[in-house]
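Novice: Dropping the structure in here first, questions after.
The values are calculated or read from the model by the stated rules, or taken from the named source; none is laboratory data. Remember, predicted model here, so these are calculated numbers, not experimental data. Because the Cβ atoms are built from the backbone with ideal geometry, glycine has one as well, and the counts that use them run over all protein chains shown.
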Amino acid sequence: MAKVRRVPQRQCVACRQMRPKRELVRVVRTPAGEVRVDPTGKVSGRGAYVCPAADCAEVALRAGRLEHALASPISDETALALRELAARTAAARAVETQNPRRPRHAGV
Ligand SMILES: [Zn+2]
């Protein structure tokens with residue numbers, strides 16, 4: 001059996017599922033107090049994670065989960081950006097699943 005690599009796991013603020021960090025959409029509150037979507041995952045600040053799924057984005061926004069996680073209000077602009085990114089990522093992932101291109105000996 002192949003050895004399972006430990007990947008950093010984060011919890012989606014909406015469905016509470018643990019998933020590898022890079023599969024999630026990160027929303028960050030920067031040290032300046034600005035809340036925005038962080039597609040790179042590299043922006044410094046307090047981060048919260050949401051599944052790349054429209055459902056989770058909605059719950060995160062509407063139930064105030066994201067606000068709570070970041071202890072900061074979410075602007076309409078950020079909410080829209082998150083919805084769009086979640087929808088786009090979900091669509092891209094659906095295509096990937098249909099055409100798997102994962103190299104067998106990837107060192108990652
Ligand atoms: Zn989720």
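Novice: Any residue in segment 4-22 that's farther than 17 Å from A57 by Cβ: show its pairings with residues that are within 9 Å of the ligand (Cβ to nearest atom) at Cβ separation under 6 Å, as long as the two are six or more apart or on different chains.
Specialist: Qualifying pairs under 6 Å: M18/Q11.
Novice: Quick one: is L85 at pLDDT 90 or above, under 28 Å from R5 (Cα atoms) and in a helix (DSSP H, G or I)?
Specialist: Considered against the rule, which asks whether it is at pLDDT 90 or above, under 28 Å from R5 (Cα atoms) and in a helix (DSSP H, G or I), L85 comes out as yes.
Novice: Which one is nearest to T78 (Cα to Cα), of the residues in segment 30-52 that are in contact (Cβ under 8 Å) with a residue 40 or more places away in the chain and more than 10 Å from the chain's Cα centre (by Cα)?
Specialist: Ranking the qualifying residues of segment 30-52, first place goes to R36.
Novice: Only one of A57, A48 is crowded, with 19+ Cβ neighbours inside 10 Å, modelled with pLDDT of 95 or more and part of a strand (DSSP E or B). Can you tell me which?
Specialist: Step by step, each of A57, A48 is checked, and only A48 is crowded, with 19+ Cβ neighbours inside 10 Å, modelled with pLDDT of 95 or more and part of a strand (DSSP E or B).
Novice: Here is a further query. Examine segment 57-70 for a residue that is charged (D, E, K, R) and within 12 Å of the ligand (Cβ to nearest atom), and state whether such a residue exists.
Specialist: Yes - at least one qualifying residue is present in segment 57-70.
Novice: Inside segment 11-29, can you point out the residues that are under 24 Å from E77 (Cβ atoms) and more than 7 Å from the ligand (Cβ to nearest atom)?
Specialist: V13, L24, V25, R26, V27, V28, R29 - these are the residues of segment 11-29 that are under 24 Å from E77 (Cβ atoms) and more than 7 Å from the ligand (Cβ to nearest atom).
Novice: Of the residues that sit in segment 1-28 and are surrounded by fewer than 21 Cβ atoms within 10 Å (Cβ to Cβ) and in contact with a helix residue (DSSP H, G or I) (Cβ under 6 Å, 6 or more places away or on another chain), which one is nearest to A86 (Cα to Cα)?
Specialist: This residue is C15.
Novice: For segment 30-56, which residues satisfy the criterion of being within 13 Å of the ligand (Cβ to nearest atom) and either in contact with a helix residue (DSSP H, G or I) (Cβ under 8 Å, 6 or more places away or on another chain) or at positive phi (or both)?
Specialist: If the condition is that a residue be within 13 Å of the ligand (Cβ to nearest atom) and either in contact with a helix residue (DSSP H, G or I) (Cβ under 8 Å, 6 or more places away or on another chain) or at positive phi (or both), then A48, Y49, V50, C51, P52, A53, A54, C56 are the ones that fit.
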